[in-house]
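The values are calculated or read from the model by the stated rules, or taken from the named source; none is laboratory data. Bear in mind that the values here come from a model prediction, so they are computed numbers and not experimental data. Here the Cβ is made from the backbone with ideal geometry for all residues, glycine too, and neighbour counts use every protein chain on show. SASA here: full protein model, heavy atoms, side chains in, ligands and nucleic acids out. Shrake-Rupley method; radii C 1.70, N 1.55, O 1.52, S 1.80 Å.
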Amino acid sequence: MTPSRTETLVRVGKPLVFLLCLAPMGHLLWRVVMETIGANPVETLIHATGDWTLRLLLITLAVTPLRRLTGQVWLIRFRRQLGLFAFFYACLHLTAYLWLDQFFDWRAIIEDIVKRPYITVGFAAFVLLIPLAVTSTRGWTRRLGRRWKTLHRVVYFIAILGVVHYLWLVKADRFEPILYGVILAGLLAFRIPWRKGNQSGVN
Amino acid sequence: EAIPNLKPSPLSTDEPPTSFKDVSRYNNFYEFGTEKYDPSTNAQTLRTRPWTVAVDGECESPGEIGIEDILTGFTQEERIYRLRCVEAWAMVVPWVGFPLGDLLQRFKPTSKARYVAFETLHDPEQMPGQRRAVLDWPYREGLRMDEAMHPLTILATGLYGELLPNQNGAPLRLVVPWKYGFKSIKSIVRIRFTEQEPPATWNRMQPNEYGFYANVNPEVDHPRWSQKRHRVIGEGLFAGKRETLPFNGYADQVASLYSGMDLRRFF
């Protein structure tokens, strides 16, 4: 693709991806306003924002494999945007828990984080996302240099924590968390430099 | 279909009932899927007529009883009960039903009958959720004999004055209002008097998370979440949670059943 065509693609694509990523939140708000959110709106909001955090994390992690498989280098230009939206939904997820579920009852919240392993790992995943979101700017990328790459590899660990958080929370039906886990395993396996010619450091 | 000649009950709560819409759509009934709205979508495949319940075990006159005999042979009452799910949400449900003890007496339990075991229908054709081994089918539950004979314990045949919707456990389900909802087994086809504590599905699957007794108890947390408070269905986004009461607020009537028992151990 010529450079100018790539630029057009990215210029048009970015606002489009932006709107697409906002759509799940828009849909949830619409259901709240129209009162079609169901019998337990708090549960629905917490589950939906959690689902979208995980989905966007996996989509973000799929950019590099997709780029390498298709040779479409421009795909990388969407990665930061997707990653930041994963963080955005994680913020919504945490806010819904702190506010609508716990009503800022800090004693109960701290007890949850300390005593309930699935909340411990979920909270850890959120905390670890913060430095990645903060250092996602061009300025920080430049300032951190080679260390930026190392820091942002933490996202692999965060995604694992996210899947474990989901797996430990379900009561009996583990189909969905296992599905997320299998997809994540595939995306991580792709990054293992076991093939010749893949020594260049995929990130 | 409306149930005629309903008798009100002094055992009913005067708290406002949860809407029919929420009661009949927000269900845990894994036989029809594990998501809350699955049962109301999928449960129309359940055939509730003809329906017979086999009663056997430690009793003098084992036998079968059909649903029509159950509906006409026992005085149906309206019982408005609080329902507290182990997942920390609650509803108020205007059940229609009759004391379980009335039915059990007919089969003359012997002195060896110390427990009552219940079983849900097992038929993956009618219950598509049973095609996956999410739980160890058929669903089983059990009560101690004194719990089963307690006047608060009912077999429900309806809600909101009408026959039970399939997704709520038609045509016949247990309701034990001081225990977590999973004890109140749905679509019962078998009742058995036993000498030993019978197996209960969730208890067998995760003994550290779901006890055999499963009495509502704010002092004993589920390992993965607190049981101190619960959300009331239908109160909306900003209502917050309410304090959970011991035995779901029925302590005056039932606490004596457990006197001398360590409720942390027998949770």
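Assorted remarks:
- Chain A and chain B together bury an accessible surface of about 2300 square angstrom, both sides counted, with a 1.4 Å probe and no ligands or nucleic acids included.
- The distance separating the Cα centre of segment A:110-144 from that of segment A:1-20 comes to 29 Å.
- In this Cβ point-charge picture (+1 for Lys and Arg, -1 for Asp and Glu), the protein assembly as shown has a dipole of about 3760 debye about its Cα centre.
- Listing of segment B:107-144 residues, each with accessible area lower by at least 10 Å² in the full protein assembly than in the chain alone (probe 1.4 Å): B:ARG132, B:VAL134
- Here the scattering of segment A:31-97 is modelled by Debye summation over its C-alpha atoms, one equal scatterer each and no solvent; at q = 0.19, 0.22, 0.27 Å⁻¹ the log10 of I(q)/I(0) is -0.73, -0.85, -1.05.
- Loop GluC sites (Glu not before Pro), segment B:201-267, which have at most 16 other Cβ atoms in a 10 Å radius of their Cβ (DSSP): B:GLU209, B:GLU219, B:GLU235
- Of B:LYS112/B:LYS183; B:LYS36/B:LYS183; B:LYS7/B:LYS241; B:LYS179/B:LYS228; B:LYS179/B:LYS241, pairs whose Cα-Cα distance is over 21 Å: B:LYS112/B:LYS183; B:LYS7/B:LYS241
- Over segment A:55-111, accessible surface divided per residue gives 50 Å², non-protein components excluded, 1.4 Å probe.
- Positive-end extreme of charge dipole, the protein assembly as shown - chosen from B:TYR210, A:TRP140, B:VAL86 (charges on Cβ): A:TRP140
- Pairs of C-alpha atoms in chain B farther apart than 29 Å represent 26 percent of all such pairs.
- For A:THR8, the shell of other residues with beta-carbons less than 15 Å away shows a net charge of +3, using +1 for Lys and Arg and -1 for Asp and Glu.
- Residues of type lysines that A:LYS14 reaches as a straight line, Cα spacing below 24 Å, ignoring anything fewer than 8 places off in the same chain: A:LYS149
- Hz values of 3J(HN,Hα) by residue in segment B:66-80 - Karplus curve (6.51, -1.76, 1.60), Gly and Pro given as x: x, 5, 5, 5, 5, 5, 9, x, 10, 5, 7, 10, 8, 10, 8
- Rg to Rh quotient for chain A, alpha carbon positions, Kirkwood Rh: 0.99
- Think of each Lys and Arg Cβ as +1 and each Asp and Glu Cβ as -1; about the Cα centre, that makes the dipole of chain A roughly 1540 debye.
- The local environment of B:GLU195, defined by Cβ-Cβ distances under 14 Å, has a net charge of +1 under the rule Lys, Arg +1 and Asp, Glu -1.
- For segment B:79-100, a reduction of at least 20 Å² in accessible area between the chain on its own and the assembled protein chains (probe 1.4 Å) is found at B:GLU87.
- Solvent-accessible area of B:ILE80 with every protein chain in place, 1.4 Å probe, in Å² to the nearest 10: 30 Å²
- Using equal-weight Cα scatterers in the Debye expression, the normalised intensity of the protein assembly as shown in log10 at q = 0.07, 0.08 Å⁻¹ is -0.46, -0.57.
- Minimum 30 Å² accessible area buried by the other protein chains, segment A:108-132 residues, probe 1.4 Å, relative to alone: A:ARG116, A:TYR118
- The portion of the accessible surface of the protein assembly as shown made up by carbon and sulfur, rounded to a whole percent, is 60 (1.4 Å probe; DNA, RNA and ligands excluded).
- Dipole magnitude for chain B: computed about the Cα centre from +1 point charges on Lys and Arg Cβ and -1 point charges on Asp and Glu Cβ, it is near 540 debye.
- Cross-link reach is defined here as a Cα-Cα straight distance under 18 Å, omitting same-chain residues fewer than 8 places apart; for B:LYS21 the aspartates and glutamates meeting it are A:GLU35, A:GLU43, B:GLU1, B:GLU35, B:ASP38, B:GLU162, B:GLU235.
- Take B:TYR139: with every protein chain present and a 1.4 Å probe, its accessible area is about 20 Å².
- Total formal charge among the other residues, if their Cβ is under 15 angstrom from that of B:LYS228, Lys/Arg +1 and Asp/Glu -1: +2
- Proximal aspartates and glutamates relative to A:LYS115, as straight alpha-carbon distance under 13 Å, when same-chain residues fewer than 8 apart are discounted: B:ASP221
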